[in-house]
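Please read the structure below before turning to the comments.
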């Protein structure tokens with residue numbers, strides 16, 4: 001078995017940690033809130049934001065080690081060919097989607113505030129007017145763009161993007177499930193507005 005396969009085996013659980021954590025928090029928000037309370041934090045949104053930073057650092061570390069182990073960045077050519085243009089477009093569109101989600105929803109909306117009893121206004125403007133999961137799509141596009149730009153045409157260039165695509169797809173499907181438990185479905189905070197008959201806006205956790 002080559003080093004690429006060993007690295008892939010290591011990347012599979014490391015990159016899965018983020019998606020599994022978000023899925024569990026989405027399904028059991030009250031359990032996460034209780035865990036935060038036991039550790040002295042009364043704001044699960046802030047805790048989740050810190051986890052987001054940690055997960056992004058872990059993801060970036062895995063990507064950097066993968067690229068470095070396989071010989072570093074492939075030589076860049078100027079003017080860029082079709083692949084280079086596609087890579088830059090994917091990165092640009094991906095980041096526009098990611099930033100737009102944060103601008104539209106804010107920190108509370110992005111980090112599952114509705115699940116923790118906050119009032120989050122329904123958003124139907126861009127990018128939610130185009131996509132149900134704009135930040136997931138934006139993150140996946142950014143990952144494909146990154147590896148197209150740095151590793152293509154090396155034979156390993158598509159492995160981590162394909163793995164992350166599968167993970168984000170599973171994450172999007174998991175967030176269509178309702179929270180578990182009656183207390184999670186109906187938060188106790190008195191300021192919470194009644195649930196809309198429309199599906200919850202799905203915050204994008206990258």
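The values are calculated or read from the model by the stated rules, or taken from the named source; none is laboratory data. The structure presented is a predicted model; accordingly, all values stated were derived computationally and were not measured. As a convention, Cβ positions derive from the backbone with ideal geometry for all residues, glycine included, and neighbour counts pool all protein chains shown.
State whether the residues of region 119-126 include one that is at pLDDT 90 or above and either under 21 Å from residue 57 (Cα atoms) or surrounded by 14 or more Cβ atoms within 10 Å (Cβ to Cβ) (or both).
The first filter runs over region 119-126 and keeps only residues at pLDDT 90 or above, leaving 126.
Next cut, either under 21 Å from residue 57 (Cα atoms) or surrounded by 14 or more Cβ atoms within 10 Å (Cβ to Cβ) (or both) only: 126.
Yes, there is a match, as at least one residue in region 119-126 is at pLDDT 90 or above and either under 21 Å from residue 57 (Cα atoms) or surrounded by 14 or more Cβ atoms within 10 Å (Cβ to Cβ) (or both).
Among the residues of region 89-140, count how many are in a loop (DSSP other than H, G, I, E, B), touching a residue at least 24 places away in the same chain (Cβ under 8 Å) and closer than 24 Å to residue 179 by Cβ. Give the derivation first.
As a first pass, look at region 89-140 and keep what is in a loop (DSSP other than H, G, I, E, B): 111-112, 117-133.
Filter once more, keeping what is touching a residue at least 24 places away in the same chain (Cβ under 8 Å): 111-112, 117-120, 122-123, 126-128, 131-133.
Next, from what is left, pick out any that are closer than 24 Å to residue 179 by Cβ: 111-112, 117-120, 122-123, 128, 131-133.
Residues that pass the stated criteria total 12.
Can you tell me which residues in region 1-26 are more than 22 Å from residue 165 (Cβ to Cβ) and in contact (Cβ under 8 Å) with a residue 40 or more places away in the chain? Quick ask: steps written out before the conclusion?
So the first thing to find is which residues in region 1-26 are more than 22 Å from residue 165 (Cβ to Cβ), and the list is 1-3.
3 - this is the single residue of region 1-26 that is more than 22 Å from residue 165 (Cβ to Cβ) and in contact (Cβ under 8 Å) with a residue 40 or more places away in the chain.
Residue check, residue 109 against (1) within 26 Å of residue 132 (Cα to Cα); (2) crowded, with 16+ Cβ neighbours inside 10 Å; (3) more than 17 Å from the chain's Cα centre (by Cα), all met but one. Which one?
Among (1) within 26 Å of residue 132 (Cα to Cα); (2) crowded, with 16+ Cβ neighbours inside 10 Å; (3) more than 17 Å from the chain's Cα centre (by Cα), the lone unmet condition for residue 109 is (3).
Being over 18 Å from residue 26 (Cα atoms), modelled with pLDDT of 95 or more and surrounded by fewer than 22 Cβ atoms within 10 Å (Cβ to Cβ) is the requirement here; does residue 143 meet it? Quick ask: steps written out before the conclusion?
Details: over 18 Å from residue 26 (Cα atoms): yes; modelled with pLDDT of 95 or more: yes; surrounded by fewer than 22 Cβ atoms within 10 Å (Cβ to Cβ): no.
No, not satisfied.
Check residue 193 against each of (1) at pLDDT 80 or above; (2) in a loop (DSSP other than H, G, I, E, B); (3) loosely packed, with under 14 Cβ neighbours inside 10 Å and name the one condition it does not meet.
It is condition (1) that residue 193 fails.
Give the residue, chosen from 61, 42, that is on the phi < 0 side of the Ramachandran plot, surrounded by fewer than 14 Cβ atoms within 10 Å (Cβ to Cβ) and either at pLDDT 95 or above or outside any loop (DSSP other than H, G, I, E, B) (or both).
Working: 42 fails: either at pLDDT 95 or above or outside any loop (DSSP other than H, G, I, E, B) (or both).
The conditions single out 61.
Which one of 179, 80 is within 23 Å of residue 46 (Cβ to Cβ) and not in a helix (DSSP H, G or I)? Give the derivation first.
On the way: 80 fails: within 23 Å of residue 46 (Cβ to Cβ).
Every option except 179 fails the conditions.
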